[in-house]
Amino acid sequence: MGEFELIRRHFQRPGVQLPADVSLGVGDDGALLRPRPGHELAVSTDMLVQDRHFFASVDPAALGHKALAVNLSDLAAMGAVPLGFTLALALPEADDAWLSAFARGLFALADANTCPLVGGDTTRGPLNICITVFGQVRTGRALRRSAAHAGDDLYVSGRTGEARLALEHQRGTDWASAATGVHLRDRLERPSPRNALGVALASVDGAHAAIDLSDGLVGDLGHILAASGVGAELDVALLPVAPEIAALPEAHRLECLLAGGDDYELLFTAAPAARDAVLAAAVTSQTPVTRIGRITEGNGLRLRGAKGRPLSLRVQGFDHFA
């Protein structure tokens, strides 16, 4: 199977109708997108590399899902509606069965989010998946890391730590040996990007900053604090905790909750006056959200435990080059 036969067989979808915002998709030198008047184009790229981001044994359908999910999550963090995506795929070989499963997982999530494949490239090489996703958001309404205000409430969607626990279980780590179950594995391999919530928040007056949680709660919160020039108080006791994580010894529980990556939840800030609107956005998007702290003046992050007592912990997020 040659390159163009590979693309035709697995990634061209002649029977699928493109949305009105896409003028031209797969099959030309480039795609043509048509953002609506009064909107800005949001663009994000993520790369997944075998043995760095995923195990070689992962289900290819799950890998197809996750490759797009991590990019859609970036759009969610900006409050942008998906428009389409490109796929650059390096493959050690043209394995028809693997490609069929990969494409099935990829397109199931794409169709669920009205985000068509509009172009890309394939080549031979170590397995590497690079997706660039495009979205649109009303001009001036994008959620930005640099927009947090002192006095804002701090929120998180869903729960953190489950993907980290699943990863440690797959690695054979002793303290994670009891962490079995399809739910945990799906949290690692099939994350659910929070696009409906992000889009709803972009319409909330008083919703300010957001980031998607890819490298750990504390590490990603640090990006908001640095970009906005503010500090924060995080009440660890308010974090929603999965039963499997609640059963862990405290040190490992906090490691999962605060430093575990691959959650792809939204961490965001909003003015206290917007609490009802944030709750309405959560209900509309069918996404649980929890208020877990507040943004403060100055800089730095202060962690608080039970009864507001200060916690002295050294926690940092994931860094590819650390």
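Read the figures in this text as sums done on the coordinates, not as results from a lab. The structure presented is a predicted model; accordingly, all values stated were derived computationally and were not measured. Reconstructed Cβ throughout: ideal geometry from the backbone, glycine too, with neighbour counts over all protein chains shown.
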Handout entry: Normalised contact order of the stretch 1-113, rounded percent, pairs of Cα under 8 Å and 6 or more residues apart
Key = 30 percent
Handout entry: Inter-site label distance for D59 and A247 at 7 Å from Cα along Cβ, in nm
Key = 2.2 nm
Exercise for the section: Please work out the C-alpha center-to-center distance from the stretch 143-214 to the stretch 52-110 and express it in whole Å. Expected result: 18 Å
Fill in the blank from the handout: Dividing the helical contributions, -39500 (n - 2.57) per DSSP H run of n ≥ 4, by the residues of the chain yields a 222 nm value, nearest 500 deg cm²/dmol, of -10000 deg cm²/dmol
Handout entry: Cα gyration tensor, the chain - rounded (a/c under 1.5), prolate or oblate
Key = oblate
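Which longest run of the chain has no exposed loop site in it, a site being trypsin sites (Lys or Arg not before Pro) in a DSSP loop with at most 12 other beta carbons within 10 Å, and the site itself not part of the run? Could you put the intermediate results ahead of the total?
Working: sites that count: R52, R314.
Between the exposed loop sites, the longest stretch runs 53-313.
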Completion exercise
Stretched fully, the stretch from W175 through L32 gains (0.36 nm per residue minus C-alpha distance, one decimal, in nm) 46.5 nm
Handout entry: Relative contact order %, the stretch 53-182, counting alpha carbon pairs below 8 Å whose residues are six or more apart
Key = 30 percent
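Excluding the sites themselves, what is the longest stretch of the chain that contains no chymotrypsin sites (Phe, Trp or Tyr not before Pro) in a DSSP loop with at most 14 other C-beta atoms within 10 Å?
Working: sites that count: F55, F321.
The segment 56-320 is the longest one with no such site.
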Problem - Overall dimensions of the stretch 1-115 as given by Cα atoms, namely Rg and Dmax in Å - result: 14.8, 45
Problem - the chain, relative contact order [Cα under 8 Å, separation at least 6], % - result: 22 percent
Handout entry: Residues whose placed amide H lies under 5 Å from that of G260, excluding near-sequence neighbours
Key = L217
Completion exercise
Quick note on E162, E93, E233, ordering by fewest other C-beta atoms within 10 Å, gives E93, E233, E162
